[in-house]
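Below you'll find the structure, written out as structure tokens, and then a few comments.
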Amino acid sequence: MGSMASDLLFLNDAYLRDFDAVVTAVDAEGRRVALDRTAFYPTGGGQPHDVGTLGDLPVVDVRKEGDALWHTVGGDGPLPCTGDAVHGDLDWDRRHKLMRTHTALHVLCGVIWNEWGKAVTGGNMEPLSARMDFEFDPLPEGFGPRVEELVNKELAADHRIEVSFLPRDTAVADADLIRTKVNLIPESVDEIRVVDIVGLDKQADGGTHVASTAEVGRIRVVKTESKGKGNKRIRIEVLDG
Ligand SMILES: [Zn+2]
């Protein structure tokens, strides 16, 4: 078996919905397949994996293990063999909702940093709903309605979103990236992917995002709650503009 590393097509093109690839490894027992290239996003960075199809087989899970990216397939049809050409198709409706949601969370981070100077401590997302934790103690009076108003204003302002790859030295020297703890990325990583919501928020990030904030739509703050000292949780849903 050669290198297990696949070309991760979503890092450069989040809008790629289908692709051709060659099978590089098969785990028959786990019903898992690795490919030389893929548009399927694996669970990570708070963003859930994509689903879709590989040939006739449904893709039910996508995971990165070291260099290998495994597509777990459902159904009971035969698995392809190493060296076979396959066609992959994403469930685009789900992926695009995740892109809108992921971008909404970065806008939320940017707004909270600019307005209150608070950093994010954790988060998670599903298609069109998410939660994110921040270092507030306590939450400011009237926080929910205020943050909703500010985020929706930035979404409507239609900020462009740019993805770039920076040498590690350049990224750790960038004042806008320091607050998102880019310096904690392992020394072995020599190139850092940066997602820049131009004029609002810049983060080292491996996720998939829409091309401009207007494509997100708008958000609603569903709930705010305390998860302990210095940790307050915000739940949002993403709605059509
Ligand atoms: Zn992110």
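Report, by residue number, each residue of segment 149-165 that is on the phi < 0 side of the Ramachandran plot, assigned to a loop (DSSP other than H, G, I, E, B) and surrounded by fewer than 17 Cβ atoms within 10 Å (Cβ to Cβ).
Here is the first cut: in segment 149-165, the residues on the phi < 0 side of the Ramachandran plot are 149-157, 159-165.
Restricting the remaining residues to those that are assigned to a loop (DSSP other than H, G, I, E, B) gives 157, 159.
Result: ALA157, single match.
Considering GLY110, GLY88, GLY117, GLY144, which residue is open to solvent by less than 10 Å² (accessible area, probe 1.4 Å) and more than 16 Å from the ligand (Cβ to nearest atom)?
On the way: GLY110 fails: more than 16 Å from the ligand (Cβ to nearest atom); GLY117 fails: open to solvent by less than 10 Å² (accessible area, probe 1.4 Å); GLY144 fails: open to solvent by less than 10 Å² (accessible area, probe 1.4 Å).
After ruling out the rest, the residue left standing is GLY88.
Go through (1) within 30 Å of ALA25 (Cβ to Cβ); (2) in a helix (DSSP H, G or I); (3) in contact (Cβ under 8 Å) with a residue 24 or more places away in the chain one by one and return the number of the condition LEU108 breaks.
Exception for LEU108: condition (1).
Restricting to segment 1-34, count the residues that are surrounded by fewer than 17 Cβ atoms within 10 Å (Cβ to Cβ), in contact with a Gly (Cβ under 8 Å, 6 or more places away or on another chain) and not in a strand (DSSP E or B).
Matching residues across segment 1-34 total 2.
Table: residues versus (1) over 23 Å from ARG100 (Cα atoms); (2) within 16 Å of the ligand (Cβ to nearest atom); (3) in contact with a strand residue (DSSP E or B) (Cβ under 7 Å, 6 or more places away or on another chain).
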| position | (1), (2), (3) |
| --- | --- |
| LYS181 | yes, yes, no |
| GLN203 | no, yes, yes |
| ILE219 | no, yes, yes |
| ARG233 | no, no, yes |
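Are any of the residues in segment 189-200 of a type outside the set (S, T, N, Q), under 22 Å from SER129 (Cβ atoms) and touching a Phe, Trp or Tyr at 6+ places or on another chain (Cβ under 9 Å)?
Scanning segment 189-200 turns up no residue that is of a type outside the set (S, T, N, Q), under 22 Å from SER129 (Cβ atoms) and touching a Phe, Trp or Tyr at 6+ places or on another chain (Cβ under 9 Å).
For ASP93, indicate whether it is away from the ligand (no atom under 11 Å from the Cβ) and not in a helix (DSSP H, G or I).
Numbers: away from the ligand (no atom under 11 Å from the Cβ): yes; not in a helix (DSSP H, G or I): no.
Here the answer is no, as ASP93 does not meet what is asked.
Tell me yes or no: at least one residue of segment 85-108 is over 19 Å from the mean Cα position of the chain (by Cα) and of a type in the set (A, V, I, L, M).
The initial filter retains those residues of segment 85-108 that are over 19 Å from the mean Cα position of the chain (by Cα), namely 85-88.
Subsequent filtering for residues that are of a type in the set (A, V, I, L, M) retains 85-86.
Taking every residue of segment 85-108 in turn, at least one turns out to be over 19 Å from the mean Cα position of the chain (by Cα) and of a type in the set (A, V, I, L, M).
Being touching a helix residue (DSSP H, G or I) at 6+ places or on another chain (Cβ under 7 Å) and among the charged types (D, E, K, R) narrows it down to one of ASP137, ASP205, ASP158, so name that one. Even if it seems obvious, please write down each step before you answer.
Working: ASP137 fails: touching a helix residue (DSSP H, G or I) at 6+ places or on another chain (Cβ under 7 Å); ASP205 fails: touching a helix residue (DSSP H, G or I) at 6+ places or on another chain (Cβ under 7 Å).
Just a single option satisfies the conditions, and that option is ASP158.
Could you list all residues from segment 153-190 that are touching a Ser or Thr at 6+ places or on another chain (Cβ under 8 Å) and among the β-branched types (Val, Ile, Thr)?
Across segment 153-190, the qualifying residue is only ILE161.
Restricting attention to segment 67-126, which residues are aliphatic (A, V, I, L, M) and within 24 Å of SER212 (Cα to Cα)? Spell out how you get there, then give the answer.
We begin by selecting, within segment 67-126, every residue aliphatic (A, V, I, L, M); these are 68-69, 73, 79, 85-86, 90, 98-99, 104-105, 107-108, 111-112, 119-120, 125.
Of everything in segment 67-126, those that are aliphatic (A, V, I, L, M) and within 24 Å of SER212 (Cα to Cα) turn out to be LEU90, LEU98, MET99, ALA104, LEU105, VAL107, LEU108, VAL111, ILE112, ALA119, VAL120, MET125.
Identify all residues within segment 46-78 that are among the charged types (D, E, K, R) and surrounded by fewer than 20 Cβ atoms within 10 Å (Cβ to Cβ); write none if there are none. If you could, list the steps in order and put the result at the bottom.
Just the residues of segment 46-78 that are among the charged types (D, E, K, R), to begin with: 50, 56, 61, 63-65, 67, 76.
Selection gives ASP56, ASP61, ARG63, LYS64, GLU65, ASP67, ASP76.
So, of the residues in segment 35-45 that are surrounded by fewer than 20 Cβ atoms within 10 Å (Cβ to Cβ) and more than 12 Å from the ligand (Cβ to nearest atom), which turns out to be nearest to LYS97 (Cα to Cα)? Walk me through how you get there before you give the answer.
We begin by selecting, within segment 35-45, every residue surrounded by fewer than 20 Cβ atoms within 10 Å (Cβ to Cβ); these are 36-37, 43-45.
Keeping just the survivors that are more than 12 Å from the ligand (Cβ to nearest atom) gives 36-37, 43.
On the way: ASP36: 26, ARG37: 23, THR43: 15 Å.
Among those that are surrounded by fewer than 20 Cβ atoms within 10 Å (Cβ to Cβ) and more than 12 Å from the ligand (Cβ to nearest atom), it is THR43.
The values are calculated or read from the model by the stated rules, or taken from the named source; none is laboratory data. These numbers were taken from a predicted model, which means no experiment stands behind them. No Cβ is skipped: glycine too gets one built from the backbone with ideal geometry, and neighbour counts run over all protein chains shown. Areas reflect the complete protein model, heavy atoms only, side chains present, ligands, DNA and RNA absent. Shrake-Rupley method; radii C 1.70, N 1.55, O 1.52, S 1.80 Å.
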